[in-house]
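The values are calculated or read from the model by the stated rules, or taken from the named source; none is laboratory data. Only a predicted model underlies this, so the values are computations on that prediction, with no experimental measurement involved. Cβ: placed from backbone, ideal geometry, glycine included. Neighbour counts: every protein chain shown. Ligands, DNA and RNA are excluded from the accessible area calculation, which covers all protein heavy atoms including side chains. Shrake-Rupley method; radii C 1.70, N 1.55, O 1.52, S 1.80 Å.
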Amino acid sequence: MTFILKATGISRENLFVTTKIQVEFKDYQTAKKSIDESLQRLNLNYLDLLLIHSPEPWVEFHNKENHYFEENIEVWRAMEEAVNNGKVRSIGVSNFKKADLNNILEHSTIKPVVNQLLIHIGNTDFGLLEQAQQNNVLVEDYSPVAHGEILQNPEIKQMADKYQISIPQLAIRYCLELGTLPLPKSQTLSHVANNADVDFEISKQDLEELKKLPQINSYGDSSSFPVFSGK
C-alpha cells in the first residue's frame, strides 16, 4: 500500500485514506496497538478516517444476543485518543445496526461521522438511514452494485435503459438520491469513468419504484461472506 500511495504522485493532503479496526479487536489496548501498526504499515503520519469494521467478530456477526456494547466503547476510546493525538482525523463505524450506533452515540465524546453499510437497490434499510441522518452521520454504501448481482435484474435494466445509462450508473445515482455516499469499486478504467458519470436525476416516481423492489436473496459466490449472508 505504501508503494501504491507513493506511485500515484499525489500529495498526501490530496489523498483520503481510510482503514478499519479488525473485527476481532475488541479491547482498548489491542485497538490502540492496531492503530499504530496501521500507520507504520502505511508509512503515514495520520489517517483521514478510521472505522470499527463490525460491532461483532465475524463468527458472531449481528448476533442479537451479544452486541459487544462494552467492548466497542473501549475500542472507541482508543479511537478518540488517536484523534486527540493527531493520528486520526475522523472516526466512524461500519455494519452498525441501530442499537450498536446508539451505544456509541451515548458513550462517546467524539461522535461517529460515518456508518458504512451495505446499501443498494434491493437492500435498503431506511430505518438505519433515518437514524444516521438524524444524528448527522454520513452513510457510506459499500457494494452499491450489490457485488454485481443486480446487473441481470430485468426491472433494474429496464429502468436503466429508460435513462439511457448503465445499471451501475443507476445504482450509484440511487444511493446519491438517498443522501448517501456510494463506494463503487472497479479495476477497469472505463468502468471507473462510467461510474463517475452520474450527473442526472432519477424522477421521484422512479425512485419510489426502485425503493420498493424486492429484497435481493442471493449474492452468488459472495453469499458466504458475513455481510452478504442475510443475517
(message) Within the chain, which whole H helices from DSSP have a Cα span along their axis of at least 18 Å and a mean Kyte-Doolittle hydropathy of -1.0 or more, if any?
(response) 69-84
(message) Given Cβ point charges of +1 (Lys, Arg) and -1 (Asp, Glu) and nothing else, what value in debye, to the nearest 20, does the dipole of the chain about its Cα centre take?
(response) 420
(message) Loop-only trypsin sites (Lys or Arg not before Pro) in region 24-109, please: DSSP not H, G, I, E or B, and at most 12 other Cβ atoms within 10 Å.
(response) LYS64
(request) From the C-alpha gyration tensor of region 108-171, pull out the three semi-axes of the equivalent ellipsoid (sqrt of 5λ each), sorted largest to smallest, in whole Å. (result) 29, 10, 10
(request) At 1.4 Å probe size, with every protein chain present, just tell me what the per residue accessible area of the chain comes to in Å². (result) 55
(request) Return the single residue from ASP199, ASP100, ASP125 with maximal mean-square fluctuation; model: Gaussian network over the chain, springs between Cα atoms under 10 Å. (result) ASP199
(request) Would you mind telling me the share, in percent, of accessible area of the chain contributed by carbon and sulfur at probe 1.4 angstrom? (result) 49
(message) Rounded to the nearest 5, what % of DSSP beta bridges with both residues in the chain are antiparallel?
(response) 5
(message) Give me the dipole magnitude in Debye, nearest 20, for region 129-231 about the Cα centre, with unit charges on the beta carbon: positive for Lys and Arg, negative for Asp and Glu.
(response) 180
(message) Nothing charged except the Cβ atoms of Lys and Arg (+1) and of Asp and Glu (-1): what's the magnitude of the dipole of region 1-135 about its Cα centre? Round to the nearest 20 debye.
(response) 520
(request) Name the residue farthest towards the positive end of the dipole of region 1-149 from the options THR8, THR18, MET79, assuming +1 on Cβ of Lys and Arg, -1 on Cβ of Asp and Glu, about the Cα centre. (result) THR8
(request) Take the alpha-carbon positions of the chain, form their convex hull, and give its projected area averaged over all directions (one quarter of the hull surface) in nm². (result) 13.4
(message) Give the lysines reachable from LYS6 as a straight Cα distance under 23 Å; neighbours fewer than 8 places away on the same chain don't count.
(response) LYS20, LYS87, LYS185
